[in-house]
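**Student:** Mind having a look at this structure? Questions to follow.
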Amino acid sequence: MTRSRPLGVGLGVLVATALALTPLPASADEVPAATSYTVTGYGYGHGHGLSQYGAQGAAKQGLTWKQIVGFYYPGTRVGRARGTIKVLITADRKDVVVDARSGLRLKKVSGGKSFVLAKVRAKATRWRIMPRGSRSVVSYRVPGRGGWQKWTAFPGDAEFSAGRQPLTLRLPKHQSAEYRGALRSVARHTVNVLPLDRYLQGVVPREVPAEWPAQAVRAQAVAARTYAASERESATSYYDICDTESCQVYGGVADEHPAATAAVRATAGRVVLYQGRPAFTQFSSSNGGYSTAGSQPYLVAQPDPYEASSDNPNDPWTTTLTRAQIEKAWPGVSKLESLSFGRDGLGAHFGGRVTSVTLKGSLGGLPTSVQVTGDDFRSTLGLKSTWFELAVATPRG
């Protein structure tokens, strides 16, 4: 990483100070048991760090990506990160099968000679790496010759690459996907190894619409690059990051978009640093107008003035829950009698986000209660955020 320079932190501090709300004491409100409930909420996701809709609103107001990132991660600095990243392709298991193409090479991960496969078997249409214990067995397919033909085997892991050309990976259930960089067979899994910014090209369009204002898309590119760099630093396995929402969504070549690629290039290598290291730049779709404190000093709870000028469909959102759903989720309360909600006292709605839920009722005729966190309640019942309120649904008619 090169020397870092300060972000536009002053903007974020000034806005937060001007709009700061005095937190209310944590409270609990009780809702009686009912057949069904109307749920009204704000935000989508955990609310830590950058709000994607907030970044859109900020860009509409004329903020640059540096100012946007500076607001959502106060106290950080801009630096650079390069190198490659190892991405677990979760849809593929057991072997690595790729289509033959010009420039296709095979090499051992531990080093040594690489092979131009067109020179080995010019008529092959597919190549496969199949792990067998501590060895890699390499096979190929030629039309009209039946199944796989073994070519060679050697100790250790192996990978396919084709220079700057993408590889077509054959997935289970007759599906396929294209990936840049190398496709590595390791521990009976497929790992895509590629330059960090090439990886970002398949991430950014999955996280935000590429047609959003350019500065918002650039802010997302910086947040996503930093998140990946942070995960890479702490990785202890054969991969750095996965390709699902458990990490950040990555779809390979098929998901690339010219506008998103332009945002990646415009911010090439830029990351957010805290004390000289890539920050844990969590982000979510929407914070509902007030971000939540996270596990790091720069993931702060503060008013967000930018979501109001975005196209956010999540402020508010509504859904329904039934008593049966709640009882099924927590069988320790077989007959629900009431729900009580503890809140953090922050923000303009409902007394803040739900921090805890107490379910009271009975089990086997005896009084009982179960307490869960707001996050558990939200994730178990599929709610968009912990910033919600339940009301007894009024029957129609």
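The values are calculated or read from the model by the stated rules, or taken from the named source; none is laboratory data. Nothing here was measured: the structure is a model prediction, and the numbers come from that model. Quick reminder, even Gly has a Cβ in these numbers, built from the backbone with ideal geometry, and neighbours come from all protein chains shown.
**Student:** In segment 284-326, what count of residues is obtained for those that are crowded, with 16+ Cβ neighbours inside 10 Å and touching a residue at least 24 places away in the same chain (Cβ under 8 Å)?
**Tutor:** 29
**Student:** In this structure, is Arg188 among the basic types (Lys, Arg) and in contact with a helix residue (DSSP H, G or I) (Cβ under 7 Å, 6 or more places away or on another chain)?
**Tutor:** Spelling it out, it is not the case that Arg188 is among the basic types (Lys, Arg) and in contact with a helix residue (DSSP H, G or I) (Cβ under 7 Å, 6 or more places away or on another chain).
**Student:** So, one more: Suppose we filter Leu171, Leu88, Leu106 for residues that are under 24 Å from Ser237 (Cα atoms) and touching a helix residue (DSSP H, G or I) at 6+ places or on another chain (Cβ under 7 Å); which single one remains?
**Tutor:** Leu106
**Student:** Just the residues that are surrounded by 12 or more Cβ atoms within 10 Å (Cβ to Cβ) and touching a Gly at 6+ places or on another chain (Cβ under 9 Å), please, taken from segment 118-143.
**Tutor:** Once the filter is applied, which keeps residues that are surrounded by 12 or more Cβ atoms within 10 Å (Cβ to Cβ) and touching a Gly at 6+ places or on another chain (Cβ under 9 Å), segment 118-143 yields Ala118, Arg135, Ser136, Ser139, Arg141.
**Student:** Go over the candidates Arg343, Arg323, Arg353 one by one and state the one that is charged (D, E, K, R), at pLDDT 95 or above and within 27 Å of Trp212 (Cβ to Cβ).
**Tutor:** Answer to the check: Arg353.
**Student:** Report, by residue number, each residue of segment 135-184 that is among the β-branched types (Val, Ile, Thr) and within 25 Å of the chain's Cα centre (by Cα).
**Tutor:** Thr168
**Student:** Moving to a separate point now. Quick check, is Ser340 in a strand (DSSP E or B), in contact (Cβ under 8 Å) with a residue 60 or more places away in the chain and more than 24 Å from the chain's Cα centre (by Cα)?
**Tutor:** In short, yes.
**Student:** Something else: May I ask you to list the residues in segment 233-287 that are more than 18 Å from Gly202 (Cα to Cα), at pLDDT 95 or above and hydrophobic (A, V, I, L, M, F, W, C)?
**Tutor:** Selection gives Val272, Leu273, Ala279, Phe280.
**Student:** For Ala153, only one of the following conditions fails: (1) in a strand (DSSP E or B); (2) surrounded by 18 or more Cβ atoms within 10 Å (Cβ to Cβ). What is its number?
**Tutor:** (2) is the only condition that Ala153 fails.
**Student:** With the requirement that a residue be of a type outside the set (Ser, Thr, Tyr), crowded, with 24+ Cβ neighbours inside 10 Å and in a loop (DSSP other than H, G, I, E, B), what does segment 33-47 give you?
**Tutor:** Passing the criteria: Gly43, Gly47.
**Student:** Let me ask something additional. If Phe71 satisfies every condition in (1) surrounded by 19 or more Cβ atoms within 10 Å (Cβ to Cβ); (2) farther than 26 Å from Glu245 by Cβ; (3) touching a residue at least 40 places away in the same chain (Cβ under 8 Å) but one, which is the exception?
**Tutor:** Going through the list (1) surrounded by 19 or more Cβ atoms within 10 Å (Cβ to Cβ); (2) farther than 26 Å from Glu245 by Cβ; (3) touching a residue at least 40 places away in the same chain (Cβ under 8 Å), Phe71 breaks only (2).
**Student:** Restricting to segment 343-368, name every residue that is within 18 Å of Gln325 (Cβ to Cβ) and outside any strand (DSSP E or B).
**Tutor:** If the condition is that a residue be within 18 Å of Gln325 (Cβ to Cβ) and outside any strand (DSSP E or B), then no residue fits.
**Student:** Would you mind stating whether Ser369 is touching a residue at least 24 places away in the same chain (Cβ under 8 Å) and within 30 Å of Pro209 (Cα to Cα)?
**Tutor:** no
**Student:** Any idea which of Glu245, Glu211 is of a type in the set (Asp, Glu), in contact (Cβ under 8 Å) with a residue 40 or more places away in the chain and either assigned to a loop (DSSP other than H, G, I, E, B) or closer than 25 Å to Pro305 by Cβ (or both)?
**Tutor:** From the options Glu245, Glu211, the qualifying one is Glu211.
A quick yes/no check of all residues on (1) of a type outside the set (Phe, Trp, Tyr); (2) touching a Lys or Arg at 6+ places or on another chain (Cβ under 9 Å); (3) in contact (Cβ under 8 Å) with a residue 40 or more places away in the chain; (4) not assigned by TED's automatic domain parsing to the domain that holds Ala100:
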site: Pro131; (1), (2), (3), (4): yes, yes, yes, no
site: Val138; (1), (2), (3), (4): yes, yes, no, no
site: Gly146; (1), (2), (3), (4): yes, no, no, no
site: Ala153; (1), (2), (3), (4): yes, yes, no, no
site: Phe160; (1), (2), (3), (4): no, yes, yes, no
site: Gly163; (1), (2), (3), (4): yes, yes, yes, no
site: Pro166; (1), (2), (3), (4): yes, yes, yes, no
site: Leu169; (1), (2), (3), (4): yes, no, yes, no
site: Gly181; (1), (2), (3), (4): yes, yes, yes, no
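**Student:** Here's a follow-up. Return the total of residues in segment 156-192 being assigned to a strand (DSSP E or B) and in contact with a Leu (Cβ under 8 Å, 6 or more places away or on another chain).
**Tutor:** 16
**Student:** Answer yes or no as to whether Gly54 is in the same structural domain as Ala223 (by TED's automatic domain parsing), under 13 Å from Ala216 (Cβ atoms) and not in a loop (DSSP other than H, G, I, E, B).
**Tutor:** Yes, satisfied.
**Student:** Here is a follow-up. Between a first residue in segment 110-125 that is assigned by TED's automatic domain parsing to the domain that holds Ser136 and a second residue that is assigned to a helix (DSSP H, G or I) and surrounded by 15 or more Cβ atoms within 10 Å (Cβ to Cβ), which pairs have beta carbons less than 9 Å apart while being 6 or more apart in sequence or on different chains?
**Tutor:** Between residues of segment 110-125 that are assigned by TED's automatic domain parsing to the domain that holds Ser136 and residues that are assigned to a helix (DSSP H, G or I) and surrounded by 15 or more Cβ atoms within 10 Å (Cβ to Cβ), the close pairs are Ala124/Leu117; Ala124/Ala118.
**Student:** Would segment 219-232 turn up any residue that is aliphatic (A, V, I, L, M) and either surrounded by fewer than 21 Cβ atoms within 10 Å (Cβ to Cβ) or modelled with pLDDT under 95 (or both)?
**Tutor:** No, segment 219-232 contains no residue that is aliphatic (A, V, I, L, M) and either surrounded by fewer than 21 Cβ atoms within 10 Å (Cβ to Cβ) or modelled with pLDDT under 95 (or both).
**Student:** Residue check: is Leu88 at pLDDT 95 or above, outside the structural domain of Ala219 (by TED's automatic domain parsing), under 27 Å from Arg270 (Cα atoms) and touching a strand residue (DSSP E or B) at 6+ places or on another chain (Cβ under 7 Å)?
**Tutor:** yes
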